[in-house]
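Report on one structure; see the data block that follows.
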């Protein structure tokens, strides 16, 4: 039984078996969580200890299934990863000569999730942080138009980013301006490419997460484990106002570097003290250089 995804048939649609099974699992976990919250509230036990005492076999089975899937996914991600790296290299080839710095961010660069998800990049017009940050809507509209024109005027990028899909549909560029961080969304190959403009928060967040993952491969595994648990409990889904992947990842990193556990030593050091590059005052140029380093992830998984 797979944990993180419902069963799918060959056409990519959810099968009735998978839908029924996940519905049953969600109802079961919600019921158990409601029961356990009431019981734990009246006891002196911590919630993890209480769950291990009352449902040890279920938790062990869940952990084994998640670990097995984590390993399986890692073995089969290379092809998609190569496609995504090609897309980023094409962006750099066209945009760098125009004075635009292309910085991949998010899970694509941090490897904090086992799956090769969609790609996020930040385009910087300068490395002077005093001139970067949030701008007005006209700035984003102008920049998006300029980027589309630059890519469309290059034959190879035109083919990759704007050529028709196999079913004849045109690959449209989406200008998403209503979100907290305005995006230009392109659809190369079989995934999404989200482009941000002059926003350094995603860059610094990514180098922080990447540093944690590089220090201990269990960061990615525990993130996958917790994401699956949240999904089974029905509390995962940022579009519905529930936990996002970034929330679950933040919880994992906090847990692994927390210094005052009663019964265990911290797994990660306090990252801001451990690596000066992670401090907000560090050079943006050096942060980007750190993200560009080619490192080997997950030698054991």
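Just so it is clear, none of the values below were taken in a lab; they were calculated from the coordinates. What you see is a predicted model; the values in this text were computed from it and never measured. All Cβ positions, even for glycine, are placed from backbone atoms using ideal geometry, and neighbour counts span all protein chains on display.
How far is it, in nm, from the label point at residue 82 to the one at residue 283 when both lie 7 Å from their Cα along the line to the Cβ?
Here the answer is 3.6 nm between the modelled labels.
Which of the three applies to region 166-207, rounded, prolate or oblate, going by the alpha-carbon gyration tensor with a ≥ b ≥ c and a/c under 1.5 meaning rounded?
Details: a/c = 4.12, a/b = 1.92, b/c = 2.14.
Since a/c reaches 1.5 but b/c is at least a/b, the shape of region 166-207 is classed as oblate.
Subtract the Cα-Cα distance of residue 154 and residue 180 from 0.36 nm times their separation in residues, and report this length gain in nm to one decimal. Could the numbers behind the result be given before it?
Details: separation 26, 0.36 × 26 = 9.36 nm, distance 3.05 nm.
Separation in residues times 0.36 nm, less the Cα-Cα distance, equals 6.3 nm.
Cβ neighbours within 10 Å, averaged per peptide: list 133-140, 105-112, 65-72 in order, most packed at the top. Working shown, then result.
Details: 133-140: 12.1, 105-112: 23.1, 65-72: 16.1.
The densest-packed peptide leads the list: 105-112, 65-72, 133-140.
What does the highest-first list of 196-204, 54-62 look like by mean Cβ count within 10 Å? Don't skip to the answer; put the middle values down first.
On the way: 196-204: 19.3, 54-62: 12.6.
Most protected by this proxy first, the peptides run 196-204, 54-62.
Give the separation of the Cα centroids, region 120-191 to region 205-248, in Å.
Centre-to-centre (Cα) distance: 27 Å.
How big is region 191-284 by Rg and Dmax over its Cα atoms, in Å?
15.0, 45
Starting from the Cα of residue 242, step 7 Å along the direction of its Cβ; do the same at residue 201; then give the gap between the two resulting points in nm.
Going by the 7 Å Cα→Cβ label model, 2.4 nm.
Let me know the volume per residue of the alpha-carbon convex hull for region 78-201, in Å³. List each step's numbers first, then the result.
Working: hull volume 14.3 nm³, N = 124.
Spelled out: Cα convex hull of region 78-201, divided by residues, is 116 Å³.
Per-residue counts of other Cβ atoms within 10 Å, averaged by peptide: what ranking do you get for 219-232, 253-266, highest first? Write down the numbers at each step before the final one.
Details: 219-232: 21.7, 253-266: 11.4.
Highest-to-lowest ranking by the protection proxy: 219-232, 253-266.
So how much slack lies between residue 258 and residue 59, counting 0.36 nm per residue of separation and subtracting their Cα-Cα distance, in nm?
Values: separation 199, 0.36 × 199 = 71.64 nm, distance 2.33 nm.
Extra length available between residue 258 and residue 59 comes to 69.3 nm.
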